Amino acid sequence: MELILKADHISYEIENKQIINSIELEIEQGSHLTITGPSGGGKSTFLKLLASLLTITKGKIYFKGDDIATLTPENYRMQVSYCFQQPSLFGETVRDNFIFPYEIRKKDFQESHVLELLEEVKLPESYLDKKITELSGGEKQRIALIRNVIFLPEVLLLDEVTAGLDEESKQIVNQWLLKLNQEQNVTLIRVTHDAEEIAQSTIIKKIVAGRLEEEK
């Protein structure tokens, strides 16, 4: 299988505090990788480094063999998409959020495609024009995730995206993510404490005190 991401001895420090310490990791295309470990150990920071939301202090990150420092952040983030634990929606309606990915790519809005995605996450067509202030936490997270995959990325970085969701929303999100991984070959890299989600993954790694350990 082709390597899609490689962390080559990457480190990150801020205010003389070492958060990530020389992590080396190779991730194959189509993998479903879960990163576990204690709170404050550096898991979310590592995910943000892979997303290029933070700048590594030492080492390099490669995407399909290219040093991501040589790629434009906009193009990289279209292919390696980061999903926040707390979804951030904008505008007034769900439609406003779905139009945005088309606008930044200078493409026409494809309503039929978006309606198919709403159906995938068990939301009715009427939600397209629903005000974002009327959405539950689980609905907001589903809308945010759809926004990330309207144009299918190669990698989804998922930072505890089901934390705080009700059980029904969690199951819907997880089933859909598994489908993206298994049927669309989207590489999933997720941070989670959820035992069921950990069990669904095919590769488990553990970060403790900024260092990568093999899961026993």
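The values are calculated or read from the model by the stated rules, or taken from the named source; none is laboratory data. Everything quoted here is computed from the prediction, not taken from an experiment. Virtual Cβ from ideal backbone geometry, glycine too; neighbours counted across all protein chains shown.
Looking at (1) on the phi < 0 side of the Ramachandran plot; (2) basic (Lys, Arg); (3) outside any helix (DSSP H, G or I); (4) under 21 Å from the mean Cα position of the chain (by Cα), which one does LYS48 not meet, given that it meets all the others?
Unmet for LYS48, out of (1) on the phi < 0 side of the Ramachandran plot; (2) basic (Lys, Arg); (3) outside any helix (DSSP H, G or I); (4) under 21 Å from the mean Cα position of the chain (by Cα): (3).
State which residue is surrounded by the most Cβ atoms within 10 Å (Cβ to Cβ) when the search covers only the stretch 110-161 and only residues that are charged (D, E, K, R) and within 28 Å of LYS48 (Cβ to Cβ).
Initially, the stretch 110-161 is screened for residues charged (D, E, K, R), giving 111, 116, 119-120, 122, 125, 129-131, 134, 139-140, 142, 147, 154, 159-160.
Now narrow it down to the ones that are within 28 Å of LYS48 (Cβ to Cβ): 120, 139-140, 142, 147, 154, 159-160.
Working: GLU120: 17, GLU139: 21, LYS140: 19, ARG142: 27, ARG147: 23, GLU154: 18, ASP159: 20, GLU160: 19.
Among those that are charged (D, E, K, R) and within 28 Å of LYS48 (Cβ to Cβ), it is ARG142.
Pick from LYS170, LYS206, LYS179: which is exposed (fewer than 15 other Cβ atoms within 10 Å of the Cβ) and of a type in the set (Lys, Arg)?
Exactly one residue qualifies, and that residue is LYS179.
Against the definition (of a type in the set (Val, Ile, Thr), buried (at least 20 other Cβ atoms within 10 Å of the Cβ), farther than 15 Å from LEU157 by Cβ and touching a helix residue (DSSP H, G or I) at 6+ places or on another chain (Cβ under 8 Å)), how does VAL80 come out, yes or no?
On the way: of a type in the set (Val, Ile, Thr): yes; buried (at least 20 other Cβ atoms within 10 Å of the Cβ): yes; farther than 15 Å from LEU157 by Cβ: no; touching a helix residue (DSSP H, G or I) at 6+ places or on another chain (Cβ under 8 Å): yes.
Against the criterion (of a type in the set (Val, Ile, Thr), buried (at least 20 other Cβ atoms within 10 Å of the Cβ), farther than 15 Å from LEU157 by Cβ and touching a helix residue (DSSP H, G or I) at 6+ places or on another chain (Cβ under 8 Å)), VAL80 does not qualify.
β-branched (Val, Ile, Thr), buried (at least 17 other Cβ atoms within 10 Å of the Cβ) and at pLDDT below 95: does that describe ILE104?
No.
Residue under question is ILE27, and the condition is that it be hydrophobic (A, V, I, L, M, F, W, C), outside any helix (DSSP H, G or I) and closer than 18 Å to GLU213 by Cα; does it hold?
For ILE27, the condition - hydrophobic (A, V, I, L, M, F, W, C), outside any helix (DSSP H, G or I) and closer than 18 Å to GLU213 by Cα - is met.
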